[in-house]
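Structure first, commentary second.
The values are calculated or read from the model by the stated rules, or taken from the named source; none is laboratory data. Remember, predicted model here, so these are calculated numbers, not experimental data. In this analysis, Cβ positions are derived from the backbone assuming ideal geometry, glycine residues included, and neighbour counts consider all displayed protein chains.
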Amino acid sequence: MSLRAAAHFGSAFVLLSIYGGQICPFLESLSLIQVGAPIAVVLTAAGLLRKPLHTRFIDRASLAAQSRSAFALDWGLFAVAGIVLTVFNSVIHGFPAGSGLKLSLGLITLGLFAAVDLSLERERSLVARFQRTGEQMTITERHVPVSTKLGLFATLTVIFTMAVLFLVMSKDLDWLTHPEQTLPIEQAQRAILMEFLFVAAVMLAHLLNATVSYARNLTLFFRNQNGVLSAATRGRLDGRVPVSSNDDFGVMASYTNQMIASLRDQNTLLQRTQDVTILTLASLAETRDNETGAHILRTQRYVRALAMRLRDHPRFRAALSDEAIDLIYKSAPLHDVGKVGIPDAILLKPGKLTEEEWAVMRTHPQIGASALKAAEETLGGNSFLRHAREIALTHHEKWDGSGYPAGLAGEAIPVSGRLMALADVYDALTTQRVYKPAWSHEQAARTVREGAGSHFDPAVVAAFTAAEEEFRSIAREFSDAQHQAEAALAAERQDSCEGRPEGQARGHEALA
């Protein structure tokens, strides 16, 4: 038995043992032991039966029915205890039926408040269970509205309170008119008034306890509800409100969870659409360049490796939150999207570019940034596009101000641009181009370190040094050869699925 249940059974024993005689004159004729012993035995038996009955009928019931069933069981135990006491006093002491009903009424009244309080405690335990296990209650179509619950509780409270007060008044009137009553009228009035005050205090205490218990449940519900909604407004859609009651609040929590799940699904779809759009645009730009699609995958991961090692650096902590790192990682493939605006004669030229051609080539950061800025303005501000625009515009800027297109220097270069600058140069050095062979990691790393303070931010170079093994691993995993082999395998699988001979499929691709 829980401490709360034990407190209710114990208080019922004390109140009936001490004050039962004030309601029933027949109990008043017995000694305290004769009155208290049967009450103690009956309530102890009810308390001992409570746990196995709860295990059998409440714990195994559906989650939606547990709180209501707990209320019925606890109130039923008090009612049965009252009936047993009535039968006992009638058989052993020869009390009339009316006297026994008064005792039963007292236990039923106390049982009402106990059952309400323990039912609310059950709801709180369900909330704790749901938060721990992730389970959810399924609201039934015939749930009980909160207004009905409160109205029924208020009605029963008034009925039983009036009934108890009527019994006290009836007993006191009999006492006042009894010939053996010898107290002065002032003392008798005072005694009757104290009885009424005592009964009112007991009822008020139980009513306040039930009110406080219900307020705790409401506070718990609204804290969970508002916490999930507040997190949702900040973009966190992984919360869930525990559905702990089969009523209006349970319905509200259920609808909130459905709304959050729907938003999460839509957000996932938007994220996937955004990612696919990014890769499509980046791949389109790459198809016009001498680089391969693996360049996108490698530079993305190089940038993230650098960012993860700088996230706790005092100079970078504000700019490299978890969200910012994720956005920079996703927008990195668009760094060269401006190359779609460079003529093929320049972009695809296998030899060395002339000064005039280099001037045209150096416009690709501005071309890409302008296109992304137009999209950003259309959407009314977007943190992803802002990072993409910064990367596209500034990834050829140098720490000493000798880069292009704006000649930015030092901290004037956005963090995302500084990260992309190193990642792009390292990848260009370690991969084969039409105009040069691939360098080894050691050669490229030496060149990167030599560029600290001139080409690159020294702190970013330090992060590169710390992440060299990760850079090696990324370069191996996403090598051009590996990427081309996977692409060829995917094409062969597609040809096989479409039922076309390999040669025929490639012939069509060549014609296209």
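Identify the single condition in (1) at pLDDT below 90; (2) in contact with a Leu (Cβ under 8 Å, 6 or more places away or on another chain) that Arg272 does not satisfy, given that it satisfies every other one.
Every condition holds for Arg272 apart from (2).
Looking only at helices (runs of 4 or more DSSP H) that fall completely inside the stretch 329-379, which ones have 1 or more residues that are more than 26 Å from Gln432 (Cβ to Cβ)?
355-361, 364-379
Residue by residue through the stretch 28-72, note down the ones that are touching a residue at least 40 places away in the same chain (Cβ under 8 Å) and touching a Phe, Trp or Tyr at 6+ places or on another chain (Cβ under 7 Å).
Listed by number, the residues that qualify are Pro38, Ile39, Gly47.
Here is a list of conditions, (1) at pLDDT 85 or above; (2) over 30 Å from Glu323 (Cβ atoms), and Ala231 meets all of them except one; can you say which number that is?
Here Ala231 meets the rest and fails (2).
List every residue pair whose Cβ atoms sit under 6 Å apart, with the two residues 6 or more apart in sequence or on different chains, where the first one lies in the stretch 364-376 and is over 12 Å from Gly338 (Cα atoms) and in the same structural domain as His396 (by TED's automatic domain parsing) and the second, anywhere, is modelled with pLDDT under 90 and in a helix (DSSP H, G or I).
Here the result reads Ala375/Leu385; Glu376/Leu385, each pair linking the stretch 364-376 to a residue that is modelled with pLDDT under 90 and in a helix (DSSP H, G or I).
Between a residue in the stretch 385-397 that is touching a residue at least 12 places away in the same chain (Cβ under 8 Å) and any residue that is in a loop (DSSP other than H, G, I, E, B) and of a type outside the set (S, T, N, Q), which pairs come within a Cβ distance under 6 Å, given they are 6 or more apart or on different chains?
Glu390/Pro414; Thr394/Ile413; Thr394/Pro414; His396/Gly403; His396/Tyr404; Glu397/Gly403; Glu397/Leu408; Glu397/Ile413
So, of the residues in the stretch 304-324 that are part of a helix (DSSP H, G or I) and at pLDDT 95 or above, which turns out to be surrounded by the most Cβ atoms within 10 Å (Cβ to Cβ)?
Leu306
Residues in the stretch 20-49 that are modelled with pLDDT of 90 or more and over 15 Å from Val84 (Cα atoms): how many?
1
Kindly check whether there is at least one residue in the stretch 399-406 that is in the same structural domain as Arg311 (by TED's automatic domain parsing) and either buried (at least 24 other Cβ atoms within 10 Å of the Cβ) or touching a strand residue (DSSP E or B) at 6+ places or on another chain (Cβ under 6 Å) (or both).
yes
In this structure, is Thr86 in contact with a Gly (Cβ under 6 Å, 6 or more places away or on another chain) and surrounded by 14 or more Cβ atoms within 10 Å (Cβ to Cβ)?
Against the criterion (in contact with a Gly (Cβ under 6 Å, 6 or more places away or on another chain) and surrounded by 14 or more Cβ atoms within 10 Å (Cβ to Cβ)), Thr86 qualifies.
Looking at the stretch 136-152, which of the residues that are of a type in the set (S, T, N, Q) and not in a helix (DSSP H, G or I) is nearest to Val241 (Cα to Cα)?
So, considering only residues that are of a type in the set (S, T, N, Q) and not in a helix (DSSP H, G or I), the one nearest to Val241 (Cα to Cα) is Gln136.
Filter the stretch 160-216 for residues that are modelled with pLDDT under 70 and aromatic (Phe, Trp, Tyr) and give the result.
If the condition is that a residue be modelled with pLDDT under 70 and aromatic (Phe, Trp, Tyr), then Trp175 is the only one that fits.
Residues checked against (1) surrounded by 18 or more Cβ atoms within 10 Å (Cβ to Cβ); (2) over 13 Å from Glu121 (Cα atoms); (3) among the polar types (S, T, N, Q):
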{"position": "Leu218", "(1), (2), (3)": "no, no, no"}
{"position": "Phe222", "(1), (2), (3)": "no, yes, no"}
{"position": "Leu237", "(1), (2), (3)": "yes, yes, no"}
{"position": "Val251", "(1), (2), (3)": "no, yes, no"}
